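What follows is one structure encoded as structure tokens, with my remarks underneath.
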Amino acid sequence: MLLTFIENYIIFSLLFSRYMRGLDNPIGLKVGPTTLPSELVEMIETLCPTIRDEPGKVTLITRFGANKVHALLPPLIRVVQEAKLQGKIIWCCDAMHGNTKSVIVGEGTKEQKTYKTRSFEDVLGELRSTFEVHASCGSRLGGTHLEMTGESVTECTGGPEELQVRKYCIMYKYIYIICIFFFVSSFVRFFAMKCM
């Protein structure tokens, strides 16, 4: 089964939400700085009206940016807890896409190009902050979204090799990305129940 991803801004399309409701696949809902706590439970229940009977079917994929997690994540966790959905949904952190920045290489020349990148320190910072917030709210982070390749690319700068933007134009290229999700046992149980 594939995990179907949904951006939070398209959720209220009536036709789309009816279509998604009919899928047996697990659903990943991306939530970020524009997600309103007052609308989150409604989005979850619109996508999966039977969420209380299907724990693990909905994964909330947070992507805030390293400097916004402490302010924006706690209200979302609280509304999920108040709706008694804790343990029914899975929280996942996508620190890769929450920290994307545009970098211009060769500015003012004919070879000027814009690349997307992210700072390794920001990615790690968002992940650490997300763990801290979940722990302080009595919640649990159930997964993380990582992108990896064996190719020589510079999608992230900094890190152990201290990659810099000036090398970016040489090492950047589009590649197929392997997305890895590590989920806690509730996700595994969801698949096990669906396969029985």
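The values are calculated or read from the model by the stated rules, or taken from the named source; none is laboratory data. What you see is a predicted model; the values in this text were computed from it and never measured. No Cβ is skipped: glycine too gets one built from the backbone with ideal geometry, and neighbour counts run over all protein chains shown.
Helices (runs of 4 or more DSSP H) fully within the stretch 1-95 that include at least 1 residues being in contact with a Phe, Trp or Tyr (Cβ under 6 Å, 6 or more places away or on another chain) and either of a type outside the set (G, A, S) or modelled with pLDDT under 90 (or both): 69-82. Taking the stretch 136-154 as the range and being farther than 17 Å from L60 by Cβ and at pLDDT 85 or above as the test, only S136 passes. So, in the stretch 32-74, exactly how many residues are in contact with a strand residue (DSSP E or B) (Cβ under 8 Å, 6 or more places away or on another chain), of a type in the set (G, A, S) and within 23 Å of V123 (Cα to Cα)? The qualifying residues number 1. Counting the residues of the stretch 121-138 that are touching a Cys at 6+ places or on another chain (Cβ under 6 Å) and surrounded by fewer than 17 Cβ atoms within 10 Å (Cβ to Cβ) gives 0.
If you go through the stretch 34-73 and keep only what is of a type in the set (S, T, N, Q) and surrounded by fewer than 16 Cβ atoms within 10 Å (Cβ to Cβ), you end up with T34, S38, T50, N67. All of (1) in contact with a Ser or Thr (Cβ under 8 Å, 6 or more places away or on another chain); (2) modelled with pLDDT of 90 or more; (3) surrounded by fewer than 19 Cβ atoms within 10 Å (Cβ to Cβ); (4) not aromatic (F, W, Y) hold for T100 with one exception: (2). Does any residue in the stretch 102-120 that is touching a residue at least 40 places away in the same chain (Cβ under 8 Å) and within 30 Å of L146 (Cβ to Cβ) come within less than 7 Å, Cβ to Cβ, of a residue that is surrounded by 12 or more Cβ atoms within 10 Å (Cβ to Cβ) and acidic (D, E) six or more places away or on a different chain, and which pairs are these? Close Cβ pairs satisfying both conditions: T117/E155.
All of R52, R78 fail the test of being more than 30 Å from G159 (Cα to Cα) and touching a residue at least 40 places away in the same chain (Cβ under 8 Å), apart from R78.
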